[in-house]
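*Asks:* Mind having a look at this structure? Questions to follow.
Rule-based calculations on the coordinates, nothing more; no lab input. Values in this document were obtained by computation on a predicted structure and should not be read as measured data. Neighbour counts are summed over all protein chains in view; Cβ atoms, including those assigned to glycine, are modelled from backbone coordinates with ideal geometry.
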Amino acid sequence: MDPATVWGSRWLNSNQPIAKKYMETVCKKQSLVVLAADKNTMEELHQLIDDVGDYISALKTHVDLIDDWTREKWNLFVLKAKENDLLIFEDRKHGDIGKIVKEQMGGIYDSKSWADLITAHLISGPSILDGMQEAWESENREGGVLLLAQMSSEGNLLELPGYTNSVVKLGKVHPICFGFIGNGSNPDEISELREIVGKEKMIWTPGVNLNSNEAVLGQRYGDPEEAILSGSDAIIIGSGIHKAINPKEMASKYAKISWEALIKRGVNFD
Ligand code: 6AU
């Protein structure tokens, strides 16, 4: 389906190439699934793309989880992700001051050279966004920051009064802010977030799993359809797919649910 029909003014008015690329890929693959590829070896990561690449629209990594990481192996993996039309989203959750985060996007992992999207907390103030923008600019690359506005984990301190509002207020006006992470386990919180974010920026939500009993260590899970109907633009799924007996089947199931939910909510967002 044509992105202008599916996303309406959000696609037509978007001036962020990464957001447009994401919206196009969603339409091409009919999936709003971002895979949280939380695996420990390069081989497992390759296997995941082979298994579910057709059913996901972006790939979220934690580069520091990989036991056998080397730059050469990672470059091949990034290439494979690109061949599968996947945006690469490094979930680094940066939190330091701008000039340090700019440096942290270099170093051994050098995320500025391969990540399309990176997560950050705004706890240290808006300079972090400036630092991240400068890091990507130094590579002549486009990048986008997903700011943690809410979290899915029980007892998280982002729930303290005023925090989410402050993050959204500062993030909304910054060109490098691609959007916000919302709490996928709670549709009411997603609706509240959408209300203050407006239509332009993305809301991506982790904490989504069809089997809420799988939650461990304070994680909370909500339903994929409810997350999208309440305003999420991407469901970030980890164990619901990569721990499944048949990851391909589950990825296809989440993709179908997410796409149908997007079509169902359609007009409300246009
Ligand atoms: O589906 P899961 O629970 O296996 O994996 C959830 C993934 C993990 C977390 O690091 C991440 O989502 N996550 C995030 C982010 C930024 O993506 C934020 C959050 O509040 N909760 C959360 O689980 O890779």
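*Asks:* Could you tell me which residue out of 95, 52, 13 lies farthest along the dipole of the chain toward its positive end? Charges go on the beta carbon: Lys and Arg +1, Asp and Glu -1, centred on the Cα centre.
*Replies:* The Cα lying farthest towards the positive end belongs to 13.
*Asks:* Hey, another quick one. Once you list every other residue whose beta carbon is under 15 Å from the beta carbon of residue 138, what net charge do they have if Lys and Arg are +1 and Asp and Glu are -1?
*Replies:* On the way: positive: 99, 102, 112, 141; negative: 103, 110, 130, 134, 137, 139, 142.
After counting each charged neighbour, the total is -3.
*Asks:* Mind putting a number on the dipole of the chain about its Cα centre? Charges go on the C-beta only, +1 for Lys and Arg and -1 for Asp and Glu, and I need it in Debye to the nearest 20. Please report the intermediate quantities before stating the final value.
*Replies:* Numbers: 29 positive and 40 negative charges, 102 e Å.
Computed charge dipole of the chain: roughly 480 debye.
*Asks:* Report Rg/Rh for the chain, rounded to two decimals, where Rg is the Cα radius of gyration and Rh the Kirkwood radius.
*Replies:* On the way: Rg = 17.1 Å, Rh = 18.4 Å.
That ratio equals 0.93.
*Asks:* Could you tell me the relative contact order of segment 3-265? Use alpha-carbon pairs under 8 Å, at least six residues apart, and round to a whole percent.
*Replies:* Details: 511 pairs, mean separation 49.2, N = 263.
Taking the mean separation of contacting Cα pairs over the length of segment 3-265, I get 19 percent.
*Asks:* Counting only other residues whose beta carbon sits under 11 Å from that of residue 23, what net charge do I get with K and R as +1, D and E as -1? Walk me through the intermediate numbers first.
*Replies:* Details: positive: 10, 20, 21, 28; negative: 2, 24, 233.
In short, +1.
*Asks:* So what is the orientation-averaged projected area of segment 116-256, using the convex hull of its C-alpha atoms, in nm²? Before the final figure, lay out the partial values.
*Replies:* Working: hull surface 36.5 nm².
About 9.1 nm², averaged over all directions.
*Asks:* Within 10 Å of each residue's Cβ, count the other Cβ atoms and sort 20, 201 from fewest upward.
*Replies:* 20, 201
*Asks:* Given the rule -39500 (n - 2.57) for each run of at least 4 DSSP H residues, summed and divided by the residues of the chain, what is its mean residue ellipticity at 222 nm, to the nearest 500 deg cm²/dmol?
*Replies:* Calculated mean residue ellipticity at 222 nm is -12500 deg cm²/dmol.
*Asks:* While we're on this one: Taking neighbour Cβ counts within 10 Å as the exposure measure, how do 174, 242 sort from fewest upward?
*Replies:* Details: 174 18, 242 21.
Ascending Cβ contact count within 10 Å gives the list 174, 242.
*Asks:* Fewest Cβ neighbours within 10 Å first, please rank 173, 52 accordingly.
*Replies:* Working: 173 10, 52 27.
Listing 173, 52 from fewest to most nearby Cβ atoms yields 173, 52.
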